[in-house]
DNA sequence: GTCTTTTCTTGAACTCGATTAAGTTTTGGC
DNA sequence: GCCAAAACTTAATCGAGTTCAAGAAAAGAC
């Protein structure tokens, strides 16, 4: 849980008392591989800080196949903000790709925490700015580069990550079929 | 400027004094067609609330052509948060598509405003959540639907908007060529 | 009003990546 | 260690959308 405190401290100043309040109001939770933090049609009840592990956020598209829109890794928050804040059913699944540990911030506790520590409201504003910018960047990659280029870019940026998750998930995240990914890899070797 | 106050009030409670502070610290500005609020390589200095008009946020891609990643319309904020917050050169242009009016929140004033009115920090957190969710939704559309489907979806959602902006901008936003858009339209009629 | 610039259209050739339908390899449960 | 399930590969065919090039129409400028 110290990783969470360290992360928040990179963005805003916390007193010792603040840190204790945060630790007392958030839950540590272990998540097994393939376990879900959120399922489609359920209302999202918490924001999760990933202490360790990998999560994927996906939905079932028109054709009935899984489409990954986001990977959550160490030191990122993962949730469906739209469902969480507006208390509406989510369109997404959030599932552990490998065994993981998270810090859980329940939505009812969140308000209490913001009231006690206003700096946290700022922290989340900054986190969201970062997430939003990353999402814009993602759209850029989709538009600017071919599937092959996106794959090389991704594998250069996260080489170790590529080893940890199944290829069909990478293909889904990058927006093409597993068959096409096979073809790209065959070309290279 | 009352539209801005009305908008903020939809998300958080403001006292009369708060409203006065906001109005006193923000600038009203008229923007002519084709004028820029931000250019690539410049550091973004403000967040703009669109009172009236349409803006496009775009960049120059690898091949040297303009790629629109976002349209800003009435009652939305538009800026490059990454550049604004981290004080780094922007990758984007923000340009008025038609004559417009904006409320300007300078980055130096922003901190002052947050200090005086903590509710605003919350307001921007909520705005960003919404923008982030919209961006995710955008990625979904790109992955799930064909160019033709995206066009019909867009034209059903914003029929009047379609009349106001050149078609090549719509094509760029939807992620295909103007030629292809022409073909889609030819089919329909 | 005419002239220039901007925007839109049309058609032919081409390409990236999807689809389908095998077969192969790897992983995990017991 | 064995078997089933999950993950990956290969190859042929097909289609959505690009590219290039040229011309038509619309919108500003003076």
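The values are calculated or read from the model by the stated rules, or taken from the named source; none is laboratory data. Please read all numbers here as calculations on a predicted model, not as lab measurements. Reconstructed Cβ throughout: ideal geometry from the backbone, glycine too, with neighbour counts over all protein chains shown.
Structure notes:
- Condition met for residue A:109 (touching a helix residue (DSSP H, G or I) at 6+ places or on another chain (Cβ under 6 Å), under 21 Å from residue A:9 (Cα atoms) and more than 12 Å from every other protein chain (Cβ to nearest Cβ)): yes
- Scoring residue A:176 on the criteria (1) farther than 15 Å from residue A:72 by Cα; (2) assigned to a helix (DSSP H, G or I) leaves a single failure, condition (2).
- The single condition among (1) surrounded by fewer than 20 Cβ atoms within 10 Å (Cβ to Cβ); (2) within 14 Å of chain B (Cβ to nearest Cβ); (3) touching a strand residue (DSSP E or B) at 6+ places or on another chain (Cβ under 7 Å) that residue A:92 does not meet is (1).
- Here the condition is being away from DNA strand D (no atom under 16 Å from the Cβ) and surrounded by fewer than 19 Cβ atoms within 10 Å (Cβ to Cβ); of A:111, A:160, A:98, it holds for A:111 alone.
- Residue satisfying all of: in the range B:64-77; within 19 Å of residue B:158 (Cα to Cα) and assigned to a strand (DSSP E or B); nearest to the other protein chains (Cβ to nearest Cβ) among these: B:69
- With respect to the conditions (1) closer than 17 Å to residue A:144 by Cβ; (2) within 11 Å of DNA strand D (Cβ to nearest atom), residue B:184 lacks only one, and its number is (1).
- Criterion: crowded, with 16+ Cβ neighbours inside 10 Å, touching a strand residue (DSSP E or B) at 6+ places or on another chain (Cβ under 8 Å) and at pLDDT below 95 - qualifying residue of A:7, A:70: A:70
- Search result, residues across the range B:78-88 that are closer than 16 Å to residue B:31 by Cβ and either part of a loop (DSSP other than H, G, I, E, B) or modelled with pLDDT under 95 (or both): B:79
- Residue A:140, sole failed condition from (1) surrounded by 14 or more Cβ atoms within 10 Å (Cβ to Cβ); (2) away from chain B (no Cβ under 14 Å); (3) more than 10 Å from DNA strand C (Cβ to nearest atom): (2)
Every residue, every condition in (1) more than 10 Å from chain A (Cβ to nearest Cβ); (2) free of Cβ contacts under 8 Å to residues at least 40 places away in the same chain, yes or no:
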| site | (1), (2) |
| --- | --- |
| B:104 | yes, no |
| B:130 | no, yes |
| B:149 | no, yes |
| B:156 | yes, yes |
| B:159 | yes, yes |
| B:171 | yes, yes |
| B:181 | yes, yes |
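- Among the residues of the range B:143-157, those identified as surrounded by 16 or more Cβ atoms within 10 Å (Cβ to Cβ) and near DNA strand D (Cβ under 8 Å from one of its atoms) are B:145, B:147, B:148, B:150.
- Output for the range A:11-41, where each listed residue is part of a helix (DSSP H, G or I) and in contact (Cβ under 8 Å) with a residue 12 or more places away in the chain: A:11, A:18, A:19, A:21, A:22, A:23, A:25
- The selection criterion, being within 16 Å of DNA strand C (Cβ to nearest atom), within 13 Å of another protein chain (Cβ to nearest Cβ) and either within 14 Å of the chain's Cα centre (by Cα) or crowded, with 18+ Cβ neighbours inside 10 Å (or both), holds for residue A:58.
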